[in-house]
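The values are calculated or read from the model by the stated rules, or taken from the named source; none is laboratory data. Computed from a predicted model, the values in this text were never measured in an experiment. All Cβ positions, glycine included, derive from the backbone under ideal geometry; neighbour counts span all protein chains shown. Surface accessibility is based on the protein's heavy atoms, side chains included, excluding ligands, DNA and RNA. Shrake-Rupley method; radii C 1.70, N 1.55, O 1.52, S 1.80 Å.
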Amino acid sequence: MKYKSQKVAYWFFALSMLLLVLQITYGFIMGFARIGFDNLHEFIPFNTARAVHTNLLVVWLLSGFMGAAYYIIPEEAQRELVNVKLAYVQLISLAVVGVVAVVGFHFNIWEGRKFLEIPRPLDYLVVVNVLLFLGLILTTLFKSKRRTTTALVLSMGLLFAALLYLPGMLPFDSQVTDSFFRWWVVHLWVEGVWELIMGGILSFLLIKLTGVDREVIEKWLYVIVGLTFLSGVLGTGHHYYYIGVNKIWLVVGGIFSALEPLAFLAMALFAVNMYRKGEKKHPNKLALYWTLGSAIVSFVGAGLLGFAHTLPQTNLYTHGTLVTAMHGHLAFWGAYAMIVLAIISYALPNMTGRKLYDSATGRMAFWLANIGMIGMTVAFGVAGVAQVYLERKFGMDFMQVQKEISIHFVVLILCATMFTTGIGLYIIDFYKHGKPTDEALEINE
C-alpha cells in the first residue's frame, strides 16, 4: 500500500522553510538596529520587526508540525488521509493568514500582545483552519484499524495546542487578567503540549531510524507525557507574579519550573538510549543527527537554561532581560525547530526518491546552524548578565545600558550569519530533493 496523501506534507514543509527565511530576515533587522544600523526604521520599526520575528516563529513551527502530522498519521494509521483536497485548502488558508498578518503588522494592525499580535478577525480564521486540520487528522486516525501510541500522543498534542489557543482570544478589560490567560497559550504551548508533539515525532523517528522495538520506545512516551503535565501546567506560575497575581505563584511556579527539565532530560536519555540499543544502521545519517541533536540541545536550552533562569531568586533580576532571549532562542531551536528539521530530513528522501542521505552540504548545514545558534545563545547570555548588573543592581538607565552592551550584538550578528549559512545550506538540500512522486512513495512503503 502507498500513501499518496503524504505528498501534502511536502508543501507544508516548503511553506515552513519560506517562513523560516522571513523570520531570520527580521531577526537580522532587529540585530542591526541594536548596534545602531537602523536605516529601515522609517519602513520597519523595531517593534514591527519584533512582532514579525516572534509570530513567524510560531507559524513556521506550526507549519512544520502540520506537515509532520500529514506524513506520520497516514503511515501510523496505515491508510490514506480522508480528504487530500481539504488538506491543500487548509495549507492555502494558513499561508493567507500568515501573509495578511505580516502585512498588517507593517500598518500597525495588531493586538499588541506578545506572540499573539494577530488581529482578532484573523484569530477566527486560525480557529477554522486548525479545526479543519484536526478534523482531517483525527478522522483519518479513528477510521483506521491501527492506532499507535505514537500517533495518539502526536494527535493529543495537536488537539490540546488548538484548545489552548482559545483562552488567548477571550476579551478582558483588565491587563492582569488578559496577561494571565495569554500565558495559558504561550507557556502551556511551549512547555506543555508542544512537548507532546515533539515526543510523538521523536518516537516515530526513533522507531524508523534505530529499529528498536515499538513497544520499548512507546513506553518512554508515557513517562514524557506524565512529566510534561506534572511540571508544565503549574510551572506556568513563574510568570504570574510579574503581572500582578498573588505572590504564592512565585513559590508554586518556582517549584514546578524546577521540575520542567525532567521532561526534556527524559527525552534526551530516551533518544540516546534508543540509538545505542538500535541494531538497525539506517542510511539516513542526517535525519539521525537532527533527531539526536534535538533531544540533547532541547535539554540544555529548555531544561538547564530554563531551570537556571526561572529559579525565583534569579528570576527576580533576570525576568524580561536578554537572559530570557538566551533561554528562549536555544530552547525553541533545540526542542521544536530541530525536530521539524529532523522529520523533514527523514521524509524528503522517502517522498522524492532522491537519497541525499549523507551529503557534505547537509552535514555542514547541521554543524553551522548549531554552532551559530550556540554562539548566539552565549552572546545573549553575556549581554543579559551585563544588563542585569548595570540596570537592576547599579540602577543605570535602560537606554544607557543598551548602548553599553551593544558590542555583544556585533558578536551575535556574526554568529547569526553562521547560523543563517547553515539554514541556507539546509534549504539548498531541501530543493535538491525535488518534488514528491507517487513512485517514490510506493517504493519506500
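Residue-level check: of (1) under 22 Å from L134 (Cβ atoms); (2) in contact with a Leu (Cβ under 6 Å, 6 or more places away or on another chain), W194 misses just (2).
Restricting I407, I428, I423 to those that are aliphatic (A, V, I, L, M), surrounded by fewer than 20 Cβ atoms within 10 Å (Cβ to Cβ) and closer than 19 Å to W367 by Cβ reduces the list to I428. Kindly provide the set of residues from the range 375-400 that are more than 30 Å from Y289 (Cβ to Cβ), out of contact with any Asp or Glu (no Cβ under 9 Å at 6 or more places or on another chain), open to solvent by less than 70 Å² (accessible area, probe 1.4 Å) and assigned to a helix (DSSP H, G or I), ordered by number. Within the range 375-400, just V388 meets the criteria. Of all residue pairs spaced 6 or more apart or on separate chains, those with beta-carbon atoms under 8 Å, a first member in the range 100-114 that is without any contact (Cβ under 8 Å) to a residue 12 or more places away in the chain and a second member that is open to solvent by 50 Å² or more (accessible area, probe 1.4 Å) and in a helix (DSSP H, G or I) are E111/R120.
Listed here are the residues, each with its yes/no results for (1) under 23 Å from D438 (Cβ atoms); (2) buried (at least 16 other Cβ atoms within 10 Å of the Cβ); (3) among the basic types (K, R).
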site	(1), (2), (3)
G67	yes, yes, no
Y71	yes, yes, no
A101	no, yes, no
F107	no, no, no
E117	no, yes, no
R120	no, no, yes
D123	no, yes, no
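Suppose we keep only residues that are at pLDDT below 95 and among the polar types (S, T, N, Q) within the range 1-53. Which one would you say is farthest from the chain's Cα centre (by Cα)? Among those that are at pLDDT below 95 and among the polar types (S, T, N, Q), it is N39.
Annotation note: Cβ proximity below 8 Å between a residue of the range 29-41 that is on the phi > 0 side of the Ramachandran plot and exposed (fewer than 15 other Cβ atoms within 10 Å of the Cβ) and a residue that is modelled with pLDDT of 90 or more and not in a loop (DSSP other than H, G, I, E, B) (sequence gap 6+ or interchain) occurs for G36/S406.
Go through the range 223-330 and tell me which helices (runs of 4 or more DSSP H), entirely inside it, have 3 or more residues that are at pLDDT 90 or above and more than 23 Å from V185 (Cβ to Cβ). So that I can check it myself, show each step before the final result.
On the way: elements: 248-257, 260-277, 285-298, 305-310, 312-318.
By residue number, 285-298.
When the range 346-374 is filtered for residues that are within 21 Å of the chain's Cα centre (by Cα) and open to solvent by 20 Å² or more (accessible area, probe 1.4 Å), the ones remaining, listed by number, are W367, L368, I371, I374. The residue list A51, A9, A14 contains one member that is of a type outside the set (F, W, Y) and farther than 30 Å from M156 by Cβ, which is A51.
For (1) modelled with pLDDT of 90 or more; (2) in a helix (DSSP H, G or I); (3) of a type in the set (F, W, Y), each residue gets a yes or a no:
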site: V176; (1), (2), (3): no, yes, no
site: W183; (1), (2), (3): no, yes, yes
site: V186; (1), (2), (3): no, yes, no
site: F204; (1), (2), (3): yes, yes, yes
site: K208; (1), (2), (3): yes, yes, no
site: I217; (1), (2), (3): no, yes, no
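Anything in the range 155-174 that is closer than 19 Å to L61 by Cα, outside any helix (DSSP H, G or I) and hydrophobic (A, V, I, L, M, F, W, C)? List them, or say none. Break it down stepwise before answering.
We begin by selecting, within the range 155-174, every residue closer than 19 Å to L61 by Cα; these are 155-166, 168.
Among the residues that remain, those that are also outside any helix (DSSP H, G or I) are: 164-165.
L164 - this is the single residue of the range 155-174 that is closer than 19 Å to L61 by Cα, outside any helix (DSSP H, G or I) and hydrophobic (A, V, I, L, M, F, W, C).
May I ask you to say which residue of H327, H309 is without any contact (Cβ under 8 Å) to a residue 24 or more places away in the chain and either open to solvent by less than 20 Å² (accessible area, probe 1.4 Å) or of a type outside the set (G, A, S) (or both)? Working first, answer last.
Values: H327 fails: without any contact (Cβ under 8 Å) to a residue 24 or more places away in the chain.
So the residue among H327, H309 that is without any contact (Cβ under 8 Å) to a residue 24 or more places away in the chain and either open to solvent by less than 20 Å² (accessible area, probe 1.4 Å) or of a type outside the set (G, A, S) (or both) is H309.
Those helices (runs of 4 or more DSSP H) of the range 1-106 in which 1 or more residues are basic (K, R) and touching a Leu at 6+ places or on another chain (Cβ under 8 Å) occupy 7-34. Are any of the residues in the range 129-145 surrounded by fewer than 18 Cβ atoms within 10 Å (Cβ to Cβ), among the aromatic types (F, W, Y) and either modelled with pLDDT of 90 or more or in a helix (DSSP H, G or I) (or both)? Looking through the range 129-145, at least one residue is surrounded by fewer than 18 Cβ atoms within 10 Å (Cβ to Cβ), among the aromatic types (F, W, Y) and either modelled with pLDDT of 90 or more or in a helix (DSSP H, G or I) (or both).
For the range 401-418, indicate whether the set of residues that are hydrophobic (A, V, I, L, M, F, W, C), in a loop (DSSP other than H, G, I, E, B), free of Cβ contacts under 8 Å to residues at least 40 places away in the same chain and within 17 Å of G320 (Cα to Cα) is non-empty. Within the range 401-418, none of the residues are hydrophobic (A, V, I, L, M, F, W, C), in a loop (DSSP other than H, G, I, E, B), free of Cβ contacts under 8 Å to residues at least 40 places away in the same chain and within 17 Å of G320 (Cα to Cα).
If only one of I428, I407, I413 is β-branched (V, I, T) and in contact with a Ser or Thr (Cβ under 9 Å, 6 or more places away or on another chain), which one is it? First the steps, then the outcome.
Working: I407 fails: in contact with a Ser or Thr (Cβ under 9 Å, 6 or more places away or on another chain); I413 fails: in contact with a Ser or Thr (Cβ under 9 Å, 6 or more places away or on another chain).
Of I428, I407, I413, the one residue that is β-branched (V, I, T) and in contact with a Ser or Thr (Cβ under 9 Å, 6 or more places away or on another chain) is I428.
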